[in-house]
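Read through the structure below, which is laid out as C-alpha cells, and then see the notes.
Just so it is clear, none of the values below were taken in a lab; they were calculated from the coordinates. From a predicted model like this one, the values you see are computed outputs, not experimental measurements. Using ideal geometry, Cβ is built from the backbone for each residue, glycine included, and neighbour counts are taken over all protein chains shown.
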Amino acid sequence: MVGSYPYLKRLLDLVLSFSSLLVLSPFLAFISLLIRLESPGSPFFLQERIGKGMVPFRLVKFRTMTARAGALRGMFTPGDRSRVTRLGRVLRKTKIDELPELFNVLKGDMAIVGPRPEVAKYVSAYPGDFELIFELRPGLSDSASIKYRNEEAILAGQKDPEDYYLRVILPEKLRLARSYVENVSFRTDMGVVKETLKTLLGLNSTSVKET
C-alpha cells in the first residue's frame, strides 16, 4: 500500500464506522434486547483475535450461542452448531452478528475491508503467512469471507471440521489474503464492498457451496 491511500483508508474507516453506528444504534439496541430475552448473559461475544503487527485484540460480536464461560473466552470447535440459539442462527446467516465489529473499526483494531482476523492457535499454524497479511489491519470483509460465506455449513458436514479447516479452508483464505495485501487500493476495497453487499443480498454466486 503506497502513497496516501493508507491515510485515506483509515479516514474512510472512521467515517463509515462512526456514521454506521450512529444510524444503526437503535437496531443494535433492539438486537441486544432480543438476545438477552432469548438466553441469559451478555448480548455480546468477546474473543481474542490476532490483528495488525500480530498484536492480539478483543473482537466483539453479537452472541449467537448459549452462554458458557469457555465459549465467552472463544473456546469452540469449528462447525459446532450445537449451542447456537434460534435467533443466533438468523444473526449468523444474515451476518448481523458481525455488526458490533464496527466498534473495532472505530477503535482502530480493524478496517472495513481487510483479511479477517484469526485466533492465535490457527495463526500459529501458518505464522509466516500471517505476519505478511497482518502488516495491514484485519477487516470486516474480504474475498475469503465472501467465498466462504457458507463456511459453517461446510465444516459441519466434515468428519473432522478442525482438520478440514486447517488443511483446506485456511490455506485458501491465506492465498486470497496475500493477493489482497499485494494489490490493496481504493478500487480493490470498493470491489470487496460491492461483492459483500451483493452476497448479503443473495445476488452473488461466488461463495463455496456446502458439500
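Membrane-span-like helices in the chain: DSSP H runs reaching 24 Å or more (Cα, own axis), mean Kyte hydropathy at least 1.0? Don't skip to the answer; put the middle values down first.
Numbers: long enough: 5-38 (44 Å, 1.28).
Passing helices, by number: 5-38.
Sort SER145, SER185 by Cβ crowding within 10 Å, fewest neighbours at the top.
Ascending Cβ contact count within 10 Å gives the list SER185, SER145.
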- Message: Once R0 is set to 22 Å, what does the formula 1/(1 + (r/R0)^6) return for the Cβ-Cβ distance between ALA29 and GLU162, expressed as a FRET efficiency to the nearest 0.05?
- Response: 0.05
- Listed here are the pairs LYS61/LYS121; LYS95/LYS147; LYS121/LYS194; LYS147/LYS198; LYS107/LYS173; LYS159/LYS194; which of them are more than 23 Å apart at the Cα? LYS121/LYS194; LYS107/LYS173; LYS159/LYS194
- Query: Can you give me the relative contact order of the chain as a percent, contacts being Cα pairs under 8 Å and 6 or more apart?
  - Reply: 22
- Message: Given the -39500 (n - 2.57) contribution per DSSP H run of 4+ residues, what per-residue ellipticity at 222 nm results for the chain, rounded to the nearest 500 deg cm²/dmol?
- Response: -15000 deg cm²/dmol
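Arrange the following residues from fewest to most other Cβ atoms within 10 Å of their Cβ: VAL105, VAL123.
Fewest-to-most Cβ neighbours within 10 Å comes out as VAL123, VAL105.
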- How far apart, in nm, are the 7 Å Cα→Cβ label points at GLU131 and THR66? 4.4
- ³J(HN,Hα), Karplus 6.51/-1.76/1.60, whole Hz, each residue of the range 134-141, x for Gly, Pro: 8, 5, 9, 5, x, x, 5, 8
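Can you pull the semi-axes for the range 5-200, root of five times each eigenvalue of the Cα gyration tensor, sorted largest first, whole Å?
Whole-Å semi-axes of the equivalent ellipsoid: 25, 22, 15.
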- Query: Order of ASP163, ASP109 from fewest to most other C-beta atoms within 10 Å?
  - Reply: ASP163, ASP109
- Rounded to whole Å and ordered largest first, report the semi-axes of the equivalent ellipsoid of the range 91-170 derived from its Cα gyration tensor (root of 5λ). 22, 18, 10
